[in-house]
Amino acid sequence: MTEKSKATAPATLHAYEPLTPDLVLDALASVGLAGDGRLMALSSYENRVYQVHLESPVGTDELAGDVVVAKFYRPGRWSDAQITEEHAFAAELMAAEIPVIGPLVLDGRTVHHFGGFSFSVSPSRGGRRPELDNLEVLEWIGRFLARIHTVGSARPFTHRPALNLQTFGNASRDVLLAGDYLPLDMASRWHKAFEEAMLVAQAVFESVGDVQNLRLHGDCHPGNILWTPEGLPGAGPHFVDLDDARTGPAVQDLWMLLSGERAQCTRQLGALVDGYEEFREFDRRELALIEPLRTLRLIHYSAWLAQRWHDPIFPINFPWFGSSDYWKGQVNMLEEQLEAMQEAPLVV
């Protein structure tokens with residue numbers, strides 16, 4: 001991205017400019033929820049998410065403390081059919097008594113429209129990040145991931161896309177090359193690193209062979225798991241934010257919970273799989289896909305930033321994006337991933 005494009009991007013009219021606090025409260029009022037004026041923006045780059053205190057009880061036990069979370073979807077990202085499919089998946093999980101925080105049914109539906117936005121309303125749920133150095137915590141999470149995948153395997157998504165080499169790899173490359181995002185001094189180096197990484201990733205996928213693809217959480221990192229300590233009501237993990245739910249291999253929902261050196265990752269993965277296999281068999285061939293999936297996420301992340309650069313929150317929070325140093329770092333990481341994908345996979 002050139003300095004000129006970086007400077008002018010924030011001035012472009014962006015999708016969320018009309019989303020004022022008054023519009024948020026009016027949107028809630030349109031589905032029968034009266035906010036008392038207390039409104040707090042929650043951390044979210046993809047969508048706009050607000051915690052809202054309600055003026056009076058609304059007659060449902062789901063609204064503990066009469067506080068709700070209103071989520072306004074980024075215009076143009078998902079269709080109503082894709083959002084509804086996410087909500088239906090969440091409803092299936094909750095019906096199976098899996099601790100997922102899904103949207104409320106208001107006026108007979110979960111997707112609502114106001115002021116040009118699609119939005120949903122969910123109960124507010126507290127919690128902290130899980131302690132992933134605790135193997136018992138990982139086993140607990142593994143058990144619920146297996147149950148999520150059991151429900152996810154029951155039927156396919158019809159409208160939501162898959163996570164694969166095309167959607168996260170080639171499509172991301174096309175976004176980056178079509179726009180003015182790669183500086184001239186790094187464009188050829190990045191493209192070379194991308195092509196080499198994709199060739200190896202494809203070879204790994206082909207060597208693993210056919211694995212089951214199922215409906216996934218899709219973005220199961222620690223920030224999307226709220227943990228309630230033992231001894232308190234609802235103890236254990238609660239899974240939030242199915243916004244990135246897609247079809248893919250089961251290991252996609254496990255690998256983002258791993259961190260540290262190889263020995264530590266092996267212990268963490270062992271605990272996750274131990275818990276997982278109390279409810280569902282885990283196909284160990286998928287362990288070879290961890291590094292290719294990490295590579296695809298790395299590539300997709302750059303395209304994600306590029307596609308949202310006109311949103312002022314992105315230049316403010318990611319000022320380094322588009323610089324030569326940023327792309328040099330991306331090239332270095334792709335080269336590291338090239339080596340990682342050729343190493344022996346983790347074994348549990």
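Computed from the coordinates by the stated procedures, all read-outs in this text should not be read as laboratory data. Since the structure is predicted, the reported quantities are computational estimates derived from the model, not experimental observations. All Cβ positions, even for glycine, are placed from backbone atoms using ideal geometry, and neighbour counts span all protein chains on display.
Considering only Leu242, Leu138, Leu232, give the residue with the highest GNM mean-square fluctuation for the chain, with springs between Cα atoms whenever their separation is below 10 Å.
Highest fluctuation of the listed residues: Leu232.
Between the range 65-133 and the range 223-244, what is the separation of their alpha carbon centroids in Å?
15
Over the C-alpha atoms of the range 74-139, what are the Rg and the largest Cα-to-Cα span, Dmax, in Å?
Looking at the range 74-139, its Cα Rg and Dmax stand at 15.2, 47 Å.
In the chain, which whole DSSP H runs stretch at least 24 Å along their own axis (Cα) and average -0.5 or higher on the Kyte-Doolittle scale?
Helices passing the filter in the chain: 135-152, 184-208, 290-307.
In whole Å, what three semi-axes, largest first, describe the equivalent ellipsoid of the range 135-342 built from its Cα gyration tensor (square root of 5 times each eigenvalue)?
Numbers: eigenvalues 193, 79, 57 Å².
Here the semi-axes work out to 31, 20, 17 Å.
I need the semi-axes of the equivalent ellipsoid of the range 224-273: take the C-alpha gyration tensor, multiply each eigenvalue by 5, square-root it, list largest first in whole angstrom. Spell out each step's value before the answer.
Working: eigenvalues 95, 68, 15 Å².
Computed over the range 224-273, the values are 22, 18, 9 Å.
Only helical DSSP H runs with n ≥ 4 go in: add -39500 (n - 2.57) per run for the chain, normalise by residue count and round the 222 nm mean residue ellipticity to 500 deg cm²/dmol.
Numbers: 11 runs with 144 residues, N = 348.
Calculated from helices alone, the mean residue ellipticity at 222 nm is -13000 deg cm²/dmol.
Would you mind listing how long the range 277-336 runs along its three principal axes, going by Cα atoms, in whole Å with the largest first?
Principal extents (Cα only, largest first): 46, 26, 15 Å.
What is the spread of the Cα atoms of the chain along each of their three principal axes, largest first, in whole Å?
Computed over the chain, the largest-to-smallest principal extents equal 58, 55, 35 Å.
So for the range 135-342: antiparallel DSSP bridges make up what percent, rounded to the nearest 5?
Working: 7 of 8 bridges.
If we restrict to bridges inside the range 135-342, about 90 percent are antiparallel.
Express the relative contact order of the chain as a whole percentage, based on alpha carbon pairs under 8 Å and six or more residues apart in sequence. Display every interim value, and only then the final one.
Working: 519 pairs, mean separation 76.4, N = 348.
Averaging sequence separation for qualifying contacts and normalising by length gives 22 percent for the chain.
Between Thr20 and Ala344, what is the spin-label point distance in nm, taking each point 7 Å from the Cα along the Cα→C-beta axis?
For Thr20 paired with Ala344, the spin-label model returns 6.4 nm.
How large is ³J(HN,Hα), in whole Hz, for each residue of the range 154-169 in order, when computed from phi with the Karplus curve 6.51 cos²θ - 1.76 cosθ + 1.60 and θ = phi - 60°, using x for Gly and Pro?
5, 7, x, 6, 9, 10, 7, x, 8, 9, 7, 4, 6, 6, 9, x
Return the FRET efficiency for the residue pair Ser324, Asp133: r is the Cβ-Cβ distance, R0 is 45 Å, and the value is rounded to the nearest 0.05. Please report the intermediate quantities before stating the final value.
Numbers: r = 37 Å, r/R0 = 0.81.
Efficiency, rounded to the nearest 0.05: 0.80.
With bins 5 Å wide starting at 0, give me the P(r) of the range 32-185 over every alpha carbon pair, in whole percents.
2, 7, 12, 16, 17, 17, 13, 9, 5, 2, 1, 0, 0
Cα centroids of the range 278-348 and the range 167-221: how far apart, whole angstrom?
9
Under a Cβ-Cβ cut-off of 15 Å, what is the net charge of the residues other than Arg109 that fall near it, where Lys and Arg count +1 and Asp and Glu count -1? Let's see the in-between values first.
Numbers: positive: Lys71; negative: Asp80, Glu85, Glu86, Asp107.
Local charge sum for Arg109: -3.
Run through the DSSP bridge list for the chain and note the antiparallel percent, rounded to the nearest 5. Walk me through the numbers before you get to the answer.
Details: 28 of 30 bridges.
In the chain, approximately 95 percent of DSSP beta bridges are antiparallel ones.
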